[in-house]
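Data block below; observations after.
The values are calculated or read from the model by the stated rules, or taken from the named source; none is laboratory data. Predicted model, so just to flag it, every value in this text is computed and none were measured. Cβ: placed from backbone, ideal geometry, glycine included. Neighbour counts: every protein chain shown.
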Amino acid sequence: MPLFRRNHRQPEEGAKPAAAARGGSAASRPNDHDWRSYDGVAEVYARVHAPRTALPAGDLVEVTQILPGGRVLDVGTGTGVVARAAHDAGAGLVVGVDPSIPMLRQARQGGDGPRFAAAAAIDLPFRAGTFDAVLAAFALSQFAKAETALFDMVRVLRQGGRLGVSAWGPGKDDFSTAWSEVAEEFAEHEMLADAYTRAQPGAERFSDGVRLKDTLHDAGLRDIRIDHREYRFQMTAEEYLVGKETASSGRFLQQMLGDEYWETFRRRTREVFAERFPPAFNDFRDVVLAAGHKA
């Protein structure tokens, strides 16, 4: 039986971190202690997740057709992986924005090239038509109001400029299933599903290439290209588990369980993974890439 049920104290229904309420990513102020914030996991996120997203980042830059010397905005830049990919592809001015200051600190440690600033996806601090390209990697699913966020991204894009986005594709595998089974030993399925929806309200919607294309068309993009690609990430079981712990479900569980039960949960996940999987393995993930130009 799960340790916690639906009556366990959670954030109030409809409550969102300040950035998410504005349409930005789920990150918020450092002292919010909201589990949806990336602030407390920025260092680990940069170490574990950033290397995995490097390949999709390069492909997103490719399908968006970044112009040499062009001005590029990366919305929800996080640790700056996509911004650096755009810079390495020959873009001129590259700016990455994110509401999370700790994530931006990690981005700045990646070396010279892109510039980084704290900003949410709504009310972007740029004039209309400033950029030749706008990118948003794995960010749309986190926005409380995706259409409003896209409106501002298109606003700062010049006429004929290109916007490119990426989203995780659908599907589960044995690794995520094992993680979920252990999680449901500690919390009810409905509670975990609700937490995931709070952190990723658009995950299901934007994992569907057709729905993603329709959303981008409604935002004012044309000649939209949808590309589905599969990526293989090589990792150890420990790296996978640390990655899950810093993802939304892990952050939720850590806050809900408290220190003692959290350590019990961590030991349990490692026991299960040691029983079922080798110490190192390949994790395959589907990614939806989409790009179009501003009409």
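Numbers at a glance
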| read-out | value |
| --- | --- |
| Failed criterion for E239 (all others in (1) acidic (D, E); (2) closer than 21 Å to R285 by Cα; (3) in contact with a Lys or Arg (Cβ under 6 Å, 6 or more places away or on another chain) hold) | (3) |
| Subset of the range 196-216 [assigned to a helix (DSSP H, G or I), touching a residue at least 40 places away in the same chain (Cβ under 8 Å) and out of contact with any Gly (no Cβ under 6 Å at 6 or more places or on another chain)] | Y196, R198, A199, A203, R205, F206, G209, L212, K213, T215 |
| Members of the range 271-295 that are assigned to a helix (DSSP H, G or I) and under 22 Å from R232 (Cα atoms) | F273, A274, R276 |
| Residue list for the range 167-195, restricted to those being in contact with a strand residue (DSSP E or B) (Cβ under 9 Å, 6 or more places away or on another chain), closer than 28 Å to L212 by Cβ, among the aromatic types (F, W, Y) and assigned to a helix (DSSP H, G or I) | F175 |
| Odd one out for R155 among (1) more than 22 Å from L221 (Cβ to Cβ); (2) charged (D, E, K, R); (3) free of Cβ contacts under 8 Å to residues at least 60 places away in the same chain | (1) |
| Strands (runs of 3 or more DSSP E) wholly inside the range 58-121 that include at least 2 residues being crowded, with 20+ Cβ neighbours inside 10 Å and modelled with pLDDT under 95 | none |
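Residue-by-condition table, conditions (1) in contact (Cβ under 8 Å) with a residue 12 or more places away in the chain; (2) crowded, with 24+ Cβ neighbours inside 10 Å; (3) not basic (K, R):
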| residue | (1), (2), (3) |
| --- | --- |
| K145 | yes, no, no |
| L150 | yes, yes, yes |
| T177 | no, no, yes |
| E188 | yes, no, yes |
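Matching residues to (1) within 18 Å of the chain's Cα centre (by Cα); (2) acidic (D, E); (3) surrounded by fewer than 20 Cβ atoms within 10 Å (Cβ to Cβ):
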site: F206; (1), (2), (3): yes, no, no
site: E263; (1), (2), (3): no, yes, yes
site: E271; (1), (2), (3): no, yes, yes
site: A274; (1), (2), (3): no, no, yes
site: P279; (1), (2), (3): no, no, yes
site: A295; (1), (2), (3): no, no, yes
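Listed here are the residues, each with its yes/no results for (1) touching a residue at least 12 places away in the same chain (Cβ under 8 Å); (2) small (G, A, S); (3) closer than 20 Å to V156 by Cα; (4) touching a strand residue (DSSP E or B) at 6+ places or on another chain (Cβ under 7 Å).
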position	(1), (2), (3), (4)
G76	yes, yes, yes, yes
T79	yes, no, no, no
A83	yes, yes, yes, yes
H87	yes, no, yes, yes
G92	yes, yes, yes, no
V97	yes, no, yes, yes
S100	yes, yes, no, no
Q106	yes, no, no, no
G113	yes, yes, no, yes
